[in-house]
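What follows is a set of notes on a single structure, which appears directly below.
The values are calculated or read from the model by the stated rules, or taken from the named source; none is laboratory data. Being a predicted model, the structure only gives us computed values, none of them experimental. Neighbour counts run over all protein chains shown; Cβ positions are idealised from the backbone, glycine included. Heavy atoms of the whole protein, side chains included, go into the accessibility calculation; ligands, DNA and RNA do not. Shrake-Rupley method; radii C 1.70, N 1.55, O 1.52, S 1.80 Å.
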Amino acid sequence: WQVAEAEALVHTLDGWSVVESMVVPSKTPDGKLTFGKGTLEHLTERVRGSPEITAVFLNVERLATPTKKELEARWGVPVFDRFTVVLHIFRCNARTKEARLQVALAELPLLRSRLKSSTARPDAQGWGSRYIMGSGESFVQVQQRLLKEKEMKIRKALERLRQKRRLLGTRRRRQEFPVIAVVGYTNCGKTTLIKALTGDDAVQPRDQLFATLDVTAHAGWLPSRMAVIYMDTIGFLSQLPHSLIESFSATLEDVAHSDLIVHVRDVTHPETELQKASVLSSLRGLRLPAPLLDSMLEVHNKTDLVPGYSPVEPQAVAVSALRGHGLPELKARLEDAVLRATGRQVLTLRVRLAGAQLSWLHQEATVQAVDVIPEAGVAGVVADVTVVISKSAYGKFRKLFP
């Protein structure tokens, strides 16, 4: 399954294809990946003897720069690790200003490691000793300073966007729309599920890894006609380098400020349990509030491809987002979870139709039903109104209409 995932990463990039996949033993002395002599000779012979091979992707988290250079010199082609391939996918899929800034921030460790490697060789064009135009700084020192300045600019720009996001979040909370964050391993079907739940034709799922890099918001309605906002988030991946997760932490802040997390799993994947563990580990790394993690709802997706599927976990909901199977049960479970998480309650209130009470309830709560009671005597025409209402809104109602 790791080979399949590595191939899927390559196929995500336009114009990239897999010529051959091999599983080979590796040795890791001193924390640097190297191959045994026999394995290295076999690989060198294979790469050098195949003109169709124009690059090699080693499915390891990070390659030390000296190791990378040594392998490239032996094989005569570029060598990529998991970090550089995922980063390139991010670069290609970044659509918004925030996503592009986050990719630029994630690239900085790579640039620094290359610069560090060049300083390790004093003879490298004399860069370590020459001073530039009497500034007292060597070429490498200038490069280091420029990288530091670049990082500060990117972080300031991201902080401005983060503040804007917080402001939007505050407005959203003030309007009291419940927020449901949809998370999961990359390509598990999050976007397809959101499209099925909202009926939003503007949502266009793609069958590829990291199709979603930006958090996007989509309005939907639960069975009680309560409006909610579904947040589509970036997919998780095992062995995703920490610096990549850190650079996208601004985006994932939306998960922390949601009322409910829905964890979508692809039950057709042979290592669905490992994918689950990877997602939960990443979520714990975000230091989310304990009640938010405890109330997380697990959704098992793509069950149409597994005949007779039934979840082992008692609380999980089995669905097929593509075929629409299991969606009514999921919506009912979402409603129960949202009501618990937000402290909303279902109440039946008797109101006078002549006053402003009913219009106020339509504006500030979710009106489920209005049953008119025509014979109400001197009080005039009244109605029993069933509403889904938050505690704060109910407090306002009691104060305005004692």
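What the table below lists for this structure:
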quantity	calculated
Net lengthening on full extension, Ala227/Trp360 (0.36 nm per residue, minus Cα-Cα)	46.2 nm
Sequence of Asp81, Asp371 when ordered by accessible area, the most exposed leading, probe 1.4 angstrom	Asp371, Asp81
Label-point separation in nm, Glu70 to Thr34, each point 7 Å along Cα→Cβ	0.4 nm
FRET efficiency, Arg352 to Ala332 (Cβ-Cβ, R0 25 Å, nearest 0.05)	0.15
Arg225, Arg145, reordered so the largest accessible area comes first (probe 1.4 Å)	Arg225, Arg145
Calculated from backbone phi, Karplus (6.51, -1.76, 1.60) coupling profile of the range 311-327 in Hz, x at Gly/Pro	x, 6, 5, x, 8, 6, 10, 8, 9, 10, 4, 5, 9, x, 6, x, 5
Residue-count net charge about Ala369 - beta-carbon cut-off 12 Å; Lys, Arg +1, Asp, Glu -1	-1
Neighbour net charge for Ala383 - beta-carbon separation under 12 angstrom, K R +1, D E -1	0
Other-chain or far-sequence residues with amide H under 5 Å of Arg350's (modelled H)	Val385
Vicinal HN-Hα couplings computed from phi for the range 92-98 (Karplus, 6.51 cos²θ - 1.76 cosθ + 1.60; Hz; Gly/Pro x)	6, 9, 5, 9, 9, 4, 5
5 angstrom amide H check on Glu298, placed H, neighbours 5+ away	His263, Val317
Net +/- balance of residues flanking Arg91 in space, Cβ distance below 9 Å, scoring K and R +1, D and E -1	0
For Leu322, residues with placed amide H under 5 Å, excluding near neighbours	Lys302
Binned Cα-Cα distances of the range 344-400, short to long, each 10 Å bin given as a whole percent	25, 56, 18, 1
In sequence order, calculated HN-Hα J values of the range 341-350 (Karplus, 6.51, -1.76, 1.60; Hz; x Gly/Pro)	5, 9, x, 6, 9, 9, 10, 10, 10, 8
Where Phe397, Phe177 fall by accessible area, highest first, once all protein chains stay in place (1.4 Å)	Phe177, Phe397
